[in-house]
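Q: Could you have a look at this structure, given as structure tokens, before my questions?
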Amino acid sequence: MKIDIFNHVMLPKYKEALYKYADKFPTERAVQDKRPVLTNCEERMRKLEPYEDLVQVISTTMPPIEEIVSPEEALELTRLCNDEMADAVAKYPQHIAAIANVPLNNIDYALQETERAITKLGFKGIQVYTRVNGKPMSCDEMTPLYEMMSKFDLPIWIHPMRSSGEPDFAAETVSYNQLFSIFGWPYDTTAAMIRLVFAGIFEKFPTIKFITHHLGGMVPYFSDRIIAHYNNGLERLKGEFFPGLTKQPIEYLKMFYADTALDGNSNYSLECGLAFFGEDHVLFGTDMPYDVENGDVSIREAINGIEKMAISDSTKKKIYEDNARRLLHL
């Protein structure tokens, strides 16, 4: 079996309700309108037909709901969204599982909907964006949510979020050449991971589980640079560890999980991520349906990349299936 840990939907009822505010997310809307598989589950099932052994863990695509509407409206919309995803799971139980969309502009509402989605709807975790109303994921307001997810022993999916309106240079007003997503998203993932580490989240919640998109962003490729620069920092501090930590930063970074969604089939980049995170922390993920064939390329090339890797069948099985089963208690 292959369990696709990170792919996306925007189902019809939620889309209709959210699109009343479409003027607030024009870039995301323009992309989503070209991806009917986000909304059409029947078309999604047709895409999966060539892969009889493929199961998808669906998550709601951008934008972050907390950036679009008030807390009360966000709670209402996330309940609608999660109920609709639960209906899809009930209709296609052999092919779909789900994680919750939660309203992070009010932590009490977020806790309320997280608990409902997991205990009542049977969801397997939640999704959080790398920015939480302009704040890092490590901000104090998020602590109760991390405590709850640790008690549920279910993962938190981290999705990068940088918009085209965020300039790459101070003298400009927008991002050019799609830098905001091609390179900005892996950077934002990396920044979120580092901030979570230095905020001591793994110290407070040793069993917490985060799943990063795009194979942990920049972390695997720059792991030696991370070690060298933080070693220099410790030398200046004249300490064995950074304040509040009991391990080196790189050891916490290895505690994250990472998916294989790299928009291609380069076994070299996959092998870099696998070497860093280890075979127990890499999960099959496709990023479907964000490709030129509305999902076909995402699935096909994610599989091709894994198959090209010089790894054992047992390691492939962990990536495809076993790690997800363990994390999600399947």
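Q: Could you work out [θ]222 nm for the chain from helices alone, using -39500 (n - 2.57) per DSSP H run of at least four and dividing by all its residues? Round to the nearest 500 deg cm²/dmol.
A: Details: 15 runs with 144 residues, N = 330.
Computed ellipticity for the chain at 222 nm equals -12500 deg cm²/dmol.
Q: Give me the 1.4 Å probe accessible area per residue for the stretch 1-121, excluding ligands and nucleic acids, in Å².
A: Normalised by residue count, the accessible surface of the stretch 1-121 is 42 Å².
Q: Further question on the same structure: In debye, nearest 20: dipole of the chain around its Cα centre with unit charges on the Cβ of K, R (+) and D, E (-)? Before the final figure, lay out the partial values.
A: Values: 35 positive and 48 negative charges, 89 e Å.
Dipole about the Cα centre, nearest 20: 420 debye.
Q: Starting from the eigenvalues of the Cα gyration tensor, five times each then square-rooted, give me the equivalent ellipsoid semi-axes of the stretch 71-204, largest first, whole Å.
A: Taking √(5λ) for each Cα gyration eigenvalue gives 28, 19, 14 Å.
Q: Further question: Take the Cβ-Cβ distance between Asp168 and Asp87 as r, set R0 to 51 Å, and report the resulting FRET efficiency rounded to the nearest 0.05.
A: Values: r = 41 Å, r/R0 = 0.80.
Using R0 = 51 Å, I get an efficiency of 0.80.
Q: Another question, if that's okay. What list of ³J(HN,Hα) values in whole Hz, one per residue of the stretch 86-100 in order, does the Karplus curve 6.51 cos²θ - 1.76 cosθ + 1.60 (θ = phi - 60°) give from phi, with Gly and Pro shown as x?
A: 4, 4, 5, 4, 5, 6, 10, x, 7, 10, 9, 10, 9, 10, 8
Q: A follow-up question, please. Which residues' amide hydrogens lie under 5 Å from the amide hydrogen of Met218, considering only partners 5 or more residues apart or on another chain, with H built in the peptide plane?
A: Hits under the 5 Å cutoff: Thr190.
Q: Dividing the Cα radius of gyration by the Kirkwood radius, what Rg/Rh value follows for the stretch 15-81?
A: Result for the stretch 15-81 is an Rg/Rh of 1.04.
Q: Something else now. From largest to smallest, what semi-axes in whole angstrom does the chain give when each is the square root of 5 times an eigenvalue of its alpha carbon gyration tensor?
A: On the way: eigenvalues 163, 117, 86 Å².
In descending order, the three semi-axes are 29, 24, 21 Å.
Q: Continuing with the same structure: Could you tell me how far the Cα centroid of the stretch 59-109 sits from the Cα centroid of the stretch 251-281, in Å?
A: 28
Q: Now for a different question. Could you go through the stretch 192-205 in sequence order and give the Karplus-derived ³J(HN,Hα) for each residue, using 6.51 cos²θ - 1.76 cosθ + 1.60 with θ = phi - 60°, rounded to whole Hz, and x for Gly and Pro?
A: 4, 4, 4, 5, 4, 4, 6, 7, x, 4, 6, 6, 6, 10
Q: Can you tell me how much longer the chain between Asn40 and Tyr268 gets when fully stretched, taken as 0.36 nm per residue apart minus their C-alpha distance, in nm with one decimal?
A: Here the segment from Asn40 to Tyr268 would lengthen by 78.7 nm.
Q: Need the full-extension length gain, Phe241 to Ala275, defined as separation in residues times 0.36 nm minus the C-alpha distance. One decimal, nm.
A: 9.8 nm
Q: In nm, to one decimal, how far is the Asn231 label point from the Glu141 one, both placed 7 Å along Cα→Cβ?
A: 3.9
Q: Give the percent of DSSP beta bridges with both residues in the chain that are antiparallel, rounded to the nearest 5.
A: Here the antiparallel bridges make up roughly 10 percent for the chain.
Q: Along the charge dipole of the chain, pointing to its positive end and built from +1/-1 on Cβ of Lys, Arg, Asp and Glu, which listed residue (Asn265, Ser298, Met137) has its Cα farthest out?
A: Sorting the options by dipole projection puts first Met137.
Q: Long-range amide H contacts for Ala100: which residues qualify at under 5 Å (H placed 1.01 Å from N, peptide plane, sequence gap of 5 or more or a different chain)?
A: Close amide H contacts, sequence-distant or interchain: Lys124, Gly125, Ile126, Gln127.
Q: State which entries of Lys124/Lys204; Lys13/Lys34; Lys204/Lys254; Lys2/Lys318; Lys13/Lys209 exceed 20 angstrom in Cα-Cα distance in the structure shown.
A: Lys124/Lys204; Lys13/Lys209
Q: Can you tell me how much longer the chain between Lys24 and Glu293 gets when fully stretched, taken as 0.36 nm per residue apart minus their C-alpha distance, in nm with one decimal?
A: So the chain would gain 94.1 nm between Lys24 and Glu293.
Q: Let me ask something else. Could you sort 41-53, 156-168 so that the peptide with the highest average Cβ count within 10 Å comes first and the rest follow in order?
A: 156-168, 41-53
Q: Keeping all protein chains in place, calculate the accessible area per residue for the stretch 267-330 (probe 1.4 angstrom), answer in Å².
A: Ligands and nucleic acids excluded, the figure is 41 Å² per residue.
The values are calculated or read from the model by the stated rules, or taken from the named source; none is laboratory data. Predicted, not measured: the structure shown is a model, and the values here were computed from it. Counting neighbours? That spans all protein chains shown, and the Cβs are built from the backbone with ideal geometry, glycine included. Note: accessible area is taken over every heavy atom of the protein model, side chains too, but ligands, DNA and RNA are not part of it. Shrake-Rupley method; radii C 1.70, N 1.55, O 1.52, S 1.80 Å.
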